[in-house]
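**Student:** Encoded as structure tokens, here's the structure I'll be asking about.
The values are calculated or read from the model by the stated rules, or taken from the named source; none is laboratory data. The model shown is predicted, which means the values in this text are computed figures rather than measured ones. Positions of Cβ are backbone-derived with ideal geometry, glycine not excepted, and every protein chain shown enters the neighbour counts. Just so you know, the surface numbers come from the protein's heavy atoms only, side chains and all, with ligands and any DNA or RNA stripped out. Shrake-Rupley method; radii C 1.70, N 1.55, O 1.52, S 1.80 Å.
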Amino acid sequence: MSEHSETATLGIHVLAKPIGPVCDIKCDYCFYLEKRALFASDEPYRMPDAVLAKYIEQYVEAQPTPVVEFVWHGGEPTLLGVDFFRRVVELQAPYRARKEIRNTLQTNALSLDDEWCAFFKANDFFIGVSLDGPQDIHDRYRKDRHGVGTFERVMAGVRLLQKHQVEFNALACVGRDTAYRPLDVYRFFKDAGIHYIQFTPIVERMPAPAMQTLGLWLASPATLDREEPNTEVTPWTVEPEKYGDFLIAIYEEWVRKDVGTTFVMNFEWALTVWVGEPSPVCIFSKTCGRAVAMEHDGSVFACDHYVYPEYKLGNVLVDNLGEMVERSVASGFGPHKETTLPRYCRECEVKEACWGGCPKHRFATTPDGEPGLHYLCAGYKKFFRHIRKYLRAMGTLIENDLPVSYVMQAIDAPLIVTGRKPGGG
């Protein structure tokens with residue numbers, strides 16, 4: 001297979017922001033609200049029909065795979081109203097004869113009602129709900145524009161999703177304070193009947209003067225090839241080792257009680273890599289660059305975390321989506337994730353579990369002073385080292401065509417694998 005055809009089979013992933021950075025709440029840690037500074041004060045933050053139609057056409061055409069997954073993000077996409085997404089489904093319809101079309105929508109759940117949930121169910125939307133844990137933890141960072149916590153309104157939305165049997169998961173951000181209460185967070189989700197969870201660590205730096213001039217209040221991505229002069233993190237940024245401790249505490253409970261019934265995406269990703277498959281997420285992939293962000297006006301950027309003028313790739317109204325991604329990767333964005341790894345990472349025993357993490361947050365220096373180390377390195381390394389013994393057991397179970405949940409039996413006593421399933425001849 002040629003290099004070009006190998007690349008073509010990879011496809012692309014787009015995080016579409018049909019309402020841009022507009023949101024009805026103001027979370028302390030949100031990195032996207034500041035993007036309003038990149039647009040005019042009278043910007044109409046609503047994706048025009050022409051942009052929507054062109055995007056859907058190009059995104060389907062750019063995918064070599066039989067499944068095309070659209071991800072609708074924000075800001076808060078439900079502020080567009082359910083009719084906008086009825087139009088999405090209408091525009092996708094002509095392509096369903098030759099592709100399986102899926103839709104995922106990330107929401108704060110405040111606007112959800114019976115109409116929304118009936119629509120999601122009827123059209124097989126998968127929903128991500130931003131929910132950080134029990135009320136005091138969630139409301140610590142996720143407040144509305146009046147400074148009032150949003151927990152009760154989010155949970156009302158969650159109950160509606162459950163009532164309508166809409167598939168959803170919880171996207172839980174782990175800020176500085178949250179990391180000190182791992183089991184409170186995890187047990188809350190289980191008690192709430194939420195069985196699919198993803199944890200996202202909060203990492204942001206205070207802005208340099210150049211960013212403040214643009215009207216931005218957070219630092220731009222790390223440069224990787226030279227030491228960062230600005231390493232001051234925000235007050236809500238999680239501490240590196242505490243994030244590792246957070247994941248370990250939850251993993252220890254999950255691996256004893258909940259394998260096969262509660263699904264923590266962070267743990268699923270680690271197992272996927274352990275058994276020799278590529279990481280399903282860009283942050284832990286060897287290279288990145290094929291997951292781009294598209295704003296409401298059709299502007300395409302190299303990554304959701306790189307929505308800055310210098311990383312703009314073009315616009316779907318005048319440029320080809322697939323070609324924009326290929327040009328970006330060819331220019332070095334994405335491959336740089338691997339080529340700029342410091343020696344400390346290249347020689348690390350758990351390198352293949354993280355591949356340096358997201359380049360945006362590689363603003364720390366190694367013990368010998370080399371730039372390009374991920375801020376969370378100590379936490380990642382602690383977590384990946386800790387779970388290796390469990391991954392090894394799970395890998396053996398998979399090799400023998402046995403349920404991974406059998407690992408729970410091996411915690412307190414040796415598990416002898418014979419290669420036969422229970423009840424087999």
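**Student:** Which whole-number percent is the relative contact order of the chain (Cα, under 8 Å, 6+ apart)? Before the final figure, lay out each step's value.
**Tutor:** Details: 745 pairs, mean separation 70.7, N = 425.
The value is 17 percent.
**Student:** Here's a follow-up. Working with all protein chains in place, sort Leu110, Leu80, Leu10 by solvent-accessible area computed with a 1.4 Å probe, largest first.
**Tutor:** On the way: Leu110 45, Leu80 15, Leu10 115 Å².
The ranking, largest first, comes out as Leu10, Leu110, Leu80.
**Student:** 5 Å is the cut-off here: which amide hydrogens, built 1.01 Å from N in the peptide plane, fall below it relative to Ser279, excluding neighbours closer than 5 in sequence?
**Tutor:** Amide H neighbours of Ser279: Lys286.
**Student:** Pick out which of His361, His305, His164 has the largest mean-square fluctuation in a Gaussian network model of the chain, springs linking Cα atoms closer than 10 Å.
**Tutor:** The residue with the greatest mean-square fluctuation here is His164.
**Student:** When semi-axes √(5λ) of the Cα gyration tensor in Å is calculated directly from the model, which label among (1) 38, 32, 19; (2) 32, 27, 25; (3) 110, 24, 16 fits?
**Tutor:** Structure-derived value, by its label: (2).
**Student:** Something else about it: Share of the chain's accessible area from carbon and sulfur, percent, 1.4 Å? Present the calculation step by step, with values, prior to reporting the outcome.
**Tutor:** Working: 9910 of 19020 Å².
The value for the chain is 52 percent carbon and sulfur by accessible area.
**Student:** While we're on this one: Hey, how many Å between the Cα centroid of region 270-344 and the Cα centroid of region 159-218?
**Tutor:** Cα centroid of region 270-344 versus Cα centroid of region 159-218: 22 Å apart.
**Student:** Strictly under 4.7 angstrom between C-beta atoms: which cysteines of the chain have no such partner?
**Tutor:** Cys23, Cys117, Cys173, Cys303, Cys345, Cys348, Cys354, Cys358, Cys377
**Student:** Next up: Under the rule of -39500 (n - 2.57) per DSSP H run of 4 or more residues, summed and divided by the residues of the chain, what mean residue ellipticity at 222 nm is obtained, to the nearest 500 deg cm²/dmol?
**Tutor:** -10000 deg cm²/dmol
**Student:** Count neighbours as other Cβ atoms within 10 Å of each site's Cβ, and list the trypsin sites (Lys or Arg not before Pro) in region 1-95 that are DSSP loop with at most 15 such neighbours. Don't skip to the end; give the middle numbers.
**Tutor:** Details: sites: Lys26, Lys35, Arg36, Arg46, Lys54, Arg86, Arg87; in loops: Lys26, Arg46.
Counting only loop positions with at most 15 other Cβ atoms within 10 Å, the trypsin sites (Lys or Arg not before Pro) in region 1-95 are Lys26.
**Student:** Okay, next question. Over the chain, what is the percentage of antiparallel beta bridges among all DSSP beta bridges, to the nearest 5?
**Tutor:** Numbers: 10 of 38 bridges.
Taking every DSSP beta bridge within the chain, about 25 percent pair in antiparallel fashion.
**Student:** Let me ask another. Please compute the alpha carbon radius of gyration of region 277-425, then divide it by the globular-protein estimate 2.2 N^0.38 Å. Two decimals is fine.
**Tutor:** Details: Rg = 20.6 Å, N = 149, 2.2 N^0.38 = 14.7 Å.
Ratio of Rg to 2.2 N^0.38 Å for region 277-425: 1.40.
**Student:** Taking amide hydrogens as modeled 1.01 Å from N in the peptide plane, which residues meet the under 5 Å criterion relative to His13, leaving out close sequence neighbours?
**Tutor:** Counting only residues 5 or more places away or on other chains, the set is Ala291, Val292.
**Student:** Averaging the inverse of every distinct alpha carbon separation and then flipping it gives the Kirkwood radius. What is it for region 290-363, in angstrom units? Don't jump to the answer; show the numbers that get you there.
**Tutor:** Values: mean 1/r = 0.0742 Å⁻¹.
After inverting the mean inverse Cα-Cα distance, the result is 13.5 Å.
**Student:** Still on this structure, please answer the following. Within 10 Å of each candidate Cβ there may be at most 15 other Cβ atoms; applying that plus a DSSP loop requirement, which GluC sites (Glu not before Pro) in region 131-215 survive? Present the calculation step by step, with values, prior to reporting the outcome.
**Tutor:** On the way: sites: Glu152, Glu167, Glu204; in loops: Glu167, Glu204.
When the GluC sites (Glu not before Pro) of region 131-215 are filtered for loop state and at most 15 Cβ neighbours within 10 Å, Glu167 remain.
**Student:** Region 126-181: which trypsin sites (Lys or Arg not before Pro) are DSSP loop and have at most 14 other beta-carbon atoms within 10 angstrom?
**Tutor:** Working: sites: Arg140, Arg142, Lys143, Arg145, Arg153, Arg159, Lys163, Arg176; in loops: Arg142, Arg145, Arg176.
In loop regions of region 126-181 (DSSP not H, G, I, E or B), the sparsely surrounded trypsin sites (Lys or Arg not before Pro) are Arg145.
**Student:** Still on this model: Checking understanding here: applying a Kyte-Doolittle mean of at least -0.5 and a length along the axis of at least 24 Å (C-alpha), which whole DSSP H helices in the chain pass? If you can, show how the numbers build up before the last one.
**Tutor:** Details: long enough: 240-257 (26 Å, -0.57); 377-399 (31 Å, -0.25).
Qualifying helices, which must be both long enough and hydrophobic enough, are 377-399.
**Student:** Within the set of other residues whose C-beta is less than 14 Å from the C-beta of Val67, count the net charge using Lys and Arg as +1 and Asp and Glu as -1. Working shown, then result.
**Tutor:** Numbers: positive: Arg96, Arg98, Lys99, Arg102; negative: Glu69, Glu100, Asp124.
Local net charge: +1.
**Student:** Between beta-carbons, use under 15 Å as the cut-off and find the net charge around Lys163, counting Lys and Arg +1, Asp and Glu -1. Intermediate results must be reported in sequence, preceding the final value.
**Tutor:** On the way: positive: Lys121, Arg159; negative: Asp113, Asp114, Glu115, Glu167.
That works out to -2.
**Student:** Which of the residue pairs Lys54/Lys143; Lys242/Lys360; Lys312/Lys351; Lys337/Lys381 have a Cα-Cα distance greater than 28 Å in the structure shown?
**Tutor:** Details: Lys54/Lys143 35 Å; Lys242/Lys360 20 Å; Lys312/Lys351 30 Å; Lys337/Lys381 18 Å.
Lys54/Lys143; Lys312/Lys351, as the Cα separations exceed 28 Å there.
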